[in-house]
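In what follows, a structure is listed as structure tokens, so that the remarks can point back to it.
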Amino acid sequence: MATAVFDGPGMVDDRSTANLAAPEAVVVRFAGDSGDGMQLTGGQFTLSTALAGNDLSTFPDFPAEIRAPQGTLFGVSAFQINFGSTDIDTAGDQPDVLIAMNPAALKTNLTALKVGGLIIADSGEFTRRNLEKAKYAANPLEDGSLDKWQLLAFDISALTLLAVKPYGLGNKEALRCKNMWTLGLALWMFDRDRAPLIDWLRAKFIKNHVLADANIAALNAGHAYGETAELSGPLKQVHIAAAPSEPGLYRTVTGAESISYGLVAGAQLAGLPMFFGGYPITPASSILHNLVKLKEFGVTTFQAEDEIAAIASAIGASYAGSLGVTSSSGPGIALKGEAMGLAVMTELPLVIVNSQRGGPSTGLPTKTEQSDLYQAVYGRNGDAPIPVVAACSPGDAFDCAIEAVRIATQYMTPVILLTDGYIANAAEPWKVPDPSAYTPFPVTFLEAPNGPDGTVLPYARNENGARPWIKPGTPGLMHRIGGIEKNPGTGNIDYAPASHQTMTDARRAKIDGIARSIPPQQVTLGDVGGALVVVGWGSTYGPIHQAVRRARRRGLDVAHIHVRHIWPLPENLGALLKSYAKVLVPEMNTGQFKTVLRDQYLVDAKPFNKTSGQPFTIAEIEAAIDAALA
């Protein structure tokens, strides 16, 4: 267990070299056909890694097609995990180990593998037909083109068929077990316990004991192959020590799960039942899937016939006295735009989750991007300001969801919660918080007339600028709200120029005033004032943080600021940015937050943009820091 998985020194997470005897972290990528079960394999390896006490971060990367043609380049599905005995903030720049189940998986992912890294390939799938599909003129396992990496090729398909032969499965059904064989080998390589996976398989196939036994046999066979095969060279076992952590209850959580739990927690803190109206769209659908399981917490879920119906139902639920929530991705948010304006005009609490993906139009359904920031801050007809909150990691999404609920209910406004495909699908260990650590923000409904002579003023305002929340049917409180401009107090239809000016100003002042309840912006890493600050938002947190950490270790004068409240911005952010000589803003778009910062503070923020559908690497941002300070 003192031997490394790879022979050469590696660069993993924020470390420039790895100890060969006991590396602090290892990056593994499973890649295969979209029917090979790579996401399931990666998910179960993640579970075993979490149970081993390692810190981790994952990056599922799969095609948009439901089932792309087998063996083709665009049908490759991959799952990357970075795990170690120290803090892990990203899924890793370059894999140390690539497990390729076919030629297409090898070709698609090979350029990401670090020089000297280990390739484990299923040679049984490197047939002439599959090589042609992957555009290989010759077999790369035999032509010397992989010489700068360590290669271990053996016939996983044949070994799987041999392992499950006693169970009488057909050839096609038997080969579906090869992901379990591969998982068994990976569990041996990194000294993982098989028992939780065996229990999981028995539970998954509880109604089909033959399939359960066959998959368990494949898992054990892969593990045994690692234990007993006389293999020279790269395949060795390595033990990664558990990461130090605070005492407490931990679980692995994805961004979609975290948002779901946070929305429910926020509704509980507000003392409200919750209604979720959604329509299936990648990568937001998982939120609906998770909330369906939480009905015992007063959650009602509704899968609508389209995006407009989804948000309209949520607005109706808020009108009736529930917390209305809807979610989508960029294309669906565009369809919801008119109804979002209605929520602004009626001043009803509503949480809108946007799990961003590559765009425009249908774009890149399963790839990540941050290109909906303009849409969130500005993208409605008329002056329709909406607060915007952005999560920076799967775990952070929990607190951001609670914050979105707080703002929505305390200020009677729709709120947009931005996440993205990377956060939604990625997983990380999460310390389950103590519920008593959160301050409740209970909602008060109007129950008696609030105007002179027993009149009802649905657009009277409190110290936050928020109007009263009135449940329909409350005796004596008949009132009118809607999408046509209102009289500033009574809510009656009013086209008068002065009334529109007053209501427009009031809606804007209410949103601007939210900044007073936002904590002052802190410097995430580094000092206040200096040569350069790298400003991020959303899922760029991990690579920015690690890049700044590396740069500071090299003596560079650089700091990291990460912004959660995108609109309105923290009150002290402008002064903070002006304390630095240069401002660099890495974003997975063409410079949208950079433009907002320039507009609001007149700072010469410089963009560093990426729109490939893939997250930033640490090395990319570190190079941008060097260039900015050159």
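The values are calculated or read from the model by the stated rules, or taken from the named source; none is laboratory data. The structure displayed is predicted, hence computed values, not measured ones. Because the Cβ atoms are built from the backbone with ideal geometry, glycine has one as well, and the counts that use them run over all protein chains shown. Just so you know, the surface numbers come from the protein's heavy atoms only, side chains and all, with ligands and any DNA or RNA stripped out. Shrake-Rupley method; radii C 1.70, N 1.55, O 1.52, S 1.80 Å.
Below is a table of values for the structure above.
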item	result
Residue check for residue 400: crowded, with 17+ Cβ neighbours inside 10 Å, part of a helix (DSSP H, G or I) and of a type outside the set (Val, Ile, Thr)	yes
Which numbered condition residue 598 fails, given (1) touching a strand residue (DSSP E or B) at 6+ places or on another chain (Cβ under 8 Å); (2) in a helix (DSSP H, G or I); (3) touching a residue at least 40 places away in the same chain (Cβ under 8 Å)	(3)
Those strands (runs of 3 or more DSSP E) lying entirely in region 93-162 with at least 2 residues touching a Pro at 6+ places or on another chain (Cβ under 8 Å), on the phi < 0 side of the Ramachandran plot and open to solvent by 10 Å² or more (accessible area, probe 1.4 Å)	150-154
Matching residues, region 100-149, being farther than 22 Å from residue 614 by Cβ and of a type in the set (Val, Ile, Thr)	120, 127
Flag if residue 462 is within 17 Å of residue 349 (Cβ to Cβ), free of Cβ contacts under 8 Å to residues at least 60 places away in the same chain, out of contact with any helix residue (DSSP H, G or I) (no Cβ under 7 Å at 6 or more places or on another chain) and open to solvent by 50 Å² or more (accessible area, probe 1.4 Å)	yes
Residue match in region 555-562 (condition: buried (at least 23 other Cβ atoms within 10 Å of the Cβ), over 21 Å from the mean Cα position of the chain (by Cα) and not in a helix (DSSP H, G or I))	yes
Condition broken by residue 260, with the remaining ones in (1) closer than 25 Å to residue 335 by Cβ; (2) open to solvent by 60 Å² or more (accessible area, probe 1.4 Å); (3) of a type in the set (Ser, Thr, Tyr) satisfied	(2)
Selection count where residues are open to solvent by less than 50 Å² (accessible area, probe 1.4 Å), among the polar types (S, T, N, Q) and farther than 23 Å from residue 51 by Cα, scope region 197-231	0
Some residue of region 560-575 being under 17 Å from residue 392 (Cα atoms) and free of Cβ contacts under 8 Å to residues at least 40 places away in the same chain	yes
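Listed here are the residues, each with its yes/no results for (1) open to solvent by 30 Å² or more (accessible area, probe 1.4 Å); (2) over 30 Å from residue 550 (Cβ atoms); (3) not in a strand (DSSP E or B).
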{"site": "46", "(1), (2), (3)": "no, no, yes"}
{"site": "59", "(1), (2), (3)": "no, no, no"}
{"site": "63", "(1), (2), (3)": "no, yes, yes"}
{"site": "69", "(1), (2), (3)": "yes, yes, yes"}
{"site": "82", "(1), (2), (3)": "no, no, no"}
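Conditions (1) in a loop (DSSP other than H, G, I, E, B); (2) at pLDDT 95 or above, marked per residue:
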position: 334; (1), (2): no, yes
position: 337; (1), (2): no, yes
position: 341; (1), (2): no, yes
position: 351; (1), (2): no, yes
position: 361; (1), (2): yes, no
position: 374; (1), (2): no, yes
position: 385; (1), (2): yes, yes
position: 394; (1), (2): yes, yes
